[in-house]
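Scroll down for the structure; my scribbles are underneath it.
Just so it is clear, none of the values below were taken in a lab; they were calculated from the coordinates. Since this is a predicted model, take the numbers as computed values, not measurements. Note: ideal-geometry Cβ built from the backbone for every residue, glycine included; neighbour counts use all protein chains shown.
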Amino acid sequence: MRKCASYIIFTLLLAAIACACSDDIDIRQGYEFQVTHLPVPKKLKVGETIKIRCQLERSGYFDEAAYRFRYFQPDGKGDLRMDDSEPFLPNDYYDLTKETFRFYYTSKSDEQQVIDIYFFDNFGNTATLSFSFNNENDEEVEV
């Protein structure tokens, strides 16, 4: 009788385990994200460099998530770089390897400048930052 009860309990446990397992497990890999930044000056002199402090904020974590960025400068001229890197080339892709990072923008123009930075992950999610700077002249304009 004990042996029979043991087989019944064992069979019930196996059935419970089999029912609990499912091939319909949904493992989420791609999470939305945004990139935030601290305030930056709105006026720059030619040759002046500003620091843009940024933070990648993810709504979830997946170990194999990879982030990249590219930038465009539709108005004005300037250089965008990160830490000690060479200036980035517009429209080229670059890897983003840290969640807290800094861009450095150097003005090369005495007119309005606009830079747009687009961020991508390897699951198709995107985020955008846009900055606009006006020229700061030391000279007074006569009316």
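Side notes on the structure shown:
- Theoretical gain in end-to-end length, Asn135 to Lys43 [0.36 nm per residue, Cα-Cα removed]: 32.6 nm
- Spin-label model distance (nm) - Asp84 vs Lys98, 7 Å beyond Cα toward Cβ: 1.3
- Relative contact order (%) - criterion: Cα under 8 Å, at least six apart; region: the range 33-135: 36
- Neighbour counts of other Cβ atoms within 10 Å put Phe62, Phe88, Phe131 in the fewest-to-most order Phe62, Phe88, Phe131.
- The HN-Hα couplings worked out from phi for the range 98-111 by the Karplus form 6.51 cos²θ - 1.76 cosθ + 1.60 (θ = phi - 60°) are 10, 8, 10, 8, 10, 9, 10, 10, 10, 6, 10, 9, 9, 10 Hz, whole numbers, x standing for Gly and Pro.
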